[in-house]
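The values are calculated or read from the model by the stated rules, or taken from the named source; none is laboratory data. Bear in mind the structure is a predicted one, so any value in this text is a computation, not a measurement. Don't worry about glycine lacking a Cβ; one is built from the backbone with ideal geometry, like all the others, and counts go over all protein chains shown. When the accessible area is computed, the model is the full protein with side chains, heavy atoms only, and any ligands, DNA or RNA have been set aside. Shrake-Rupley method; radii C 1.70, N 1.55, O 1.52, S 1.80 Å.
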Amino acid sequence: MINPKLLNPKSIVVVGASNDVTKPGGKLLKNLLDSRFNGEVYVVNPKETEIQGIKCHSKVEDLPEVDCALIAIAAKYCPHTVDVLANEKKTGGFVIISAGFSEENHEGAEIERHIVDTINRTGGSLIGPNCTGFLNVNYTGAFDAPIPALSDEGVDFVTGSGATAVFIKEIGMTTGLSFHSVWAVGNSAQLGIEDVLEYWDEMYIEGKSSRVKMIYMESVRDPQRLLKHASSLIRKGCKIAAIKAGGSAAGSRAASSHTGALATSDVAVEALFRKAGIVRCHNRQELITVCSIFMHPELKGKRMAIITHAGGPAVMLTDVLSNNGMEVPAIKGPKADELLAKLYAGSSVANPIDFLATGTAEQLGHIIDACENDFDNIDAMAVIFGSPGLFRNWEVYKVLDEKMKVCKKPIFPILPSIVNVKEEIEDFINNKHRIAFNEECVFGAALAKIMNTPAPQPEVPDMPEIDVKAIRDVIDHCQNGYLSLDEINRLLDAAGIDRKKNAEVKTKADALRVAREMGFPLVMKVCGPVHKSDVGGVVLNVRDEETVAREFERLIVIPETYAVEICPMYKGTEIFIGSSREAKFGHQVLCGLGGIFIEVLKDVQSSLAPVSKDEALDMIHRLRGYKIIKGVRGQEPVNEELFAETVSRVSALVQAAPEIAEMDLNPLLGTSAAVVAVDARIRVEK
């Protein structure tokens, strides 16, 4: 639990305060004094007697008891300062903006460890070090600028990068986004992003707590904890948008050099965010736009009316929405005709609703009223209104504000004329306290991303029953490395995964005997080499004993081959299911089309175990090649229910056997009646 003295202190000391507000210690104190904090403020600096009008103490030993400390001194002086404050002054909140700790060298890491040990031992809470600070509606404990508008309804923002916080606050202020708190956690020596999420989750009160959370992170230190608290918050009614940077190789290197963070698998992060219900963003503008949309009334459907006096932006927004699963439905009928009669000649209400560059505020009001009351196929409105610079638009923004107060359907104002009607937009944002958007395509892409992000998966999903005892028996007695065919078969059977009939033979005589028992046609494969096709180790459609004998003699001498597998020749659409163990994340479970689709087109979807059948169905539906699974041009469809159940059974298998480092069922052959694994590979790493 975070110490309340960090969040709502009655007294604060700035250690390293300065009269020079261009220095961090000086700006830290100025921001604190300019904030709404009304408790006692103390300052410490051995070189001053008074700083910014406050009597100065020469050392922390001279202070009375103080709740919270904002520290801006060299790293080497921090341990003694923290020791005195924590042990003697009952300080419970610490914000250390100083650098020179674990992000720099081993010596700095040791200093950081000492500080954390002291604060932990006394039950305190620490933001930083190496950060820009912390601010909330109670006080500002940060040295950066600008300080955004703070309100109880604003966004909660946690970031691993202080500079990113500055730039995001700047963009947010221009669009009308307000903040409730900003946590720039820096090195996350004690409190990191997952800790802040946990606090938000455990302290969440519906109707009182901020319902929008914003995250910037370069590493996921505890994926399961992040998943637990993010999904819990969203189930309670919160909305969460996040950037996870450092996914590329170069980005990983940059992240590591930034704060010592270790980048994590981008595919695993994508799966984690989707499972939690987090809207993943990839840049600051997108993050701000998504959170700005969250601050508007929630959109209940995907049908949008685009209202504009500028045709081009409306066309571009229509394209973005339509190409991303949203709808811009046609508007027609008697009510549409009534609306058209109220507009100037040449206007259109077909949707987009274009009421021309000469359209009036009164006409805009008529259009919004019609969309609100007359058109049942409309769920929300996007109003694009700018100005060619011929006249002022005060009345338009007044009408827009009034309609946003009374309409039940969300209205999203897109106001692109940031120069021509600068004063009107500033009034709309600052005085009417509205959040606006200035680029229609950025807005459209963000809205579609929100609508296409699923709800969090159930905390305890329904999973298929499997024979855990039989699975553990195989895993506990096997060696590290790739499992034998017999071991694989036992695991698949215990997990309830339908598989081919097969036999492993080491002599030509056994090959002929098995062939006679199974019947033709057959498939023959080498056992041993990992990539069988690459070494010529797969023979399909074997139809007679002569071919069995000839191919056995060829296959058995291929390097690394210890036996030959024989099985019936199955038919169906090639599909794929796999799993890999990710450090800290657990097991990723993947599915897709098999064969060329996975090797060349990489058409796969992934999630993190456990994966229920319903979640597996969603993964299947998101495949680019889903129409092939449905069956095209007379091709037999794959049984989606069986496909999804098999995905879920693979998930259950790797949870029962976390020692499985990687697993491939490629291909499975799917028909309308069955999904059968015809080739499997499992590697164990205990």
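Translational diffusion of the range 1-63 was estimated from the Stokes-Einstein equation, with Rh taken as the Kirkwood radius over Cα pairs; at 10 °C and 1.306 mPa s the coefficient is 131 µm²/s.
Applying a threshold of 21 Å to the alpha-carbon distances of LYS10/LYS30; LYS10/LYS90; LYS169/LYS302 flags LYS169/LYS302 as lying beyond it. Rounded to the nearest 0.05, what FRET efficiency do GLU88 and ARG516 have when you use their Cβ-Cβ distance and R0 = 60 Å? About 0.10, to the nearest 0.05. About its Cα centre, the dipole of the range 302-449 is roughly 240 debye, where the only charges are +1 on Lys and Arg Cβ and -1 on Asp and Glu Cβ. Distance between the pseudo-spin-label points of SER58 and ILE558 (7 Å out from Cα toward the beta carbon): 8.4 nm. Label positions at ALA163 and LYS508, each projected 7 Å from the Cα along the C-beta direction, are separated by 7.1 nm. Note on the range 314-390: dipole from Cβ charges, positive end direction compared against VAL315, VAL383, ASN351; the farthest Cα belongs to VAL315.
Accessible surface area normalised per residue over the chain is 43 Å², counting heavy atoms of protein chains with a 1.4 Å rolling probe. Placing ILE384, ILE171 in order of accessible area, with the largest value first and a 1.4 Å probe, yields ILE171, ILE384. Solvent-accessible area of the chain (1.4 angstrom probe, protein heavy atoms only): carbon and sulfur portion equals 51 percent.
GluC sites (Glu not before Pro) within the range 94-161: which are DSSP loop residues with at most 16 other Cβ atoms inside 10 Å? Listed in order of number, the matching sites are GLU104. The candidate values are (i) 28.1; (ii) 29.2; (iii) 31.7; the one derived from this structure for Kirkwood radius over Cα pairs in Å carries the label (ii).
What GluC sites (Glu not before Pro) in the range 451-500 are in a loop by DSSP, with at most 12 other Cβ atoms within 10 Å of the Cβ?
Counting only loop positions with at most 12 other Cβ atoms within 10 Å, the GluC sites (Glu not before Pro) in the range 451-500 are GLU459, GLU465.
Our compactness index for the range 77-224, the C-alpha radius of gyration over the empirical 2.2 N^0.38 Å, is 1.06. Across the chain, the mean sequence separation of Cα contacts (distance under 8 Å, 6 or more residues apart), normalised by length, yields a relative contact order of 8 percent.
Extending 7 Å from the Cα toward the beta-carbon at both ASP498 and ASP374 defines two label points whose distance is 5.6 nm. Going by accessible surface with a 1.4 Å probe and the largest first, VAL158, VAL166 read VAL166, VAL158. Fully extending the segment from GLU465 to ALA345, taken as 0.36 nm per residue of separation minus the present Cα-Cα distance, adds 36.5 nm. Using the Cβ-Cβ distance between ASP152 and LYS408 with R0 set to 25 Å, the FRET efficiency from 1/(1 + (r/R0)^6) comes to roughly 0.60. Rounded to the nearest 20, the size of the Cβ-charge dipole of the range 14-108 about its Cα centre is 240 debye, with Lys and Arg at +1 and Asp and Glu at -1.
For LYS508, the lysines whose Cα comes closer than 16 Å to its Cα, not counting residues fewer than 8 places off in the same chain, are LYS525. Measuring r between the beta carbons of ASP544 and ASN452 and using R0 = 51 Å, the FRET efficiency lands at 0.45. On the principal axes of its alpha carbon atoms, the range 532-686 extends 48, 46, 26 Å, with the longest extent given first. Shown here for the range 118-174: chymotrypsin sites (Phe, Trp or Tyr not before Pro) in loop regions (DSSP other than H, G, I, E, B) with at most 12 other Cβ atoms within 10 Å, of which there are none. The aspartates and glutamates within cross-link reach of LYS532, meaning a Cα-to-Cα straight distance under 19 Å and a gap of 8 or more places when in the same chain, are ASP486, GLU487, GLU504, GLU551, GLU553, GLU560, GLU565, GLU574, GLU599, GLU662, ASP664, ASP679. Straight-distance candidates among the aspartates and glutamates for linking to LYS236, with alpha-carbon spacing under 15 Å and chain neighbours fewer than 8 residues away dropped: GLU198, ASP201, GLU202, GLU206, GLU298, GLU459.
In this structure the amide hydrogen of ARG499, modeled in the peptide plane, comes within under 5 Å of the amide hydrogens of ALA677, none closer than 5 places in sequence on its chain.
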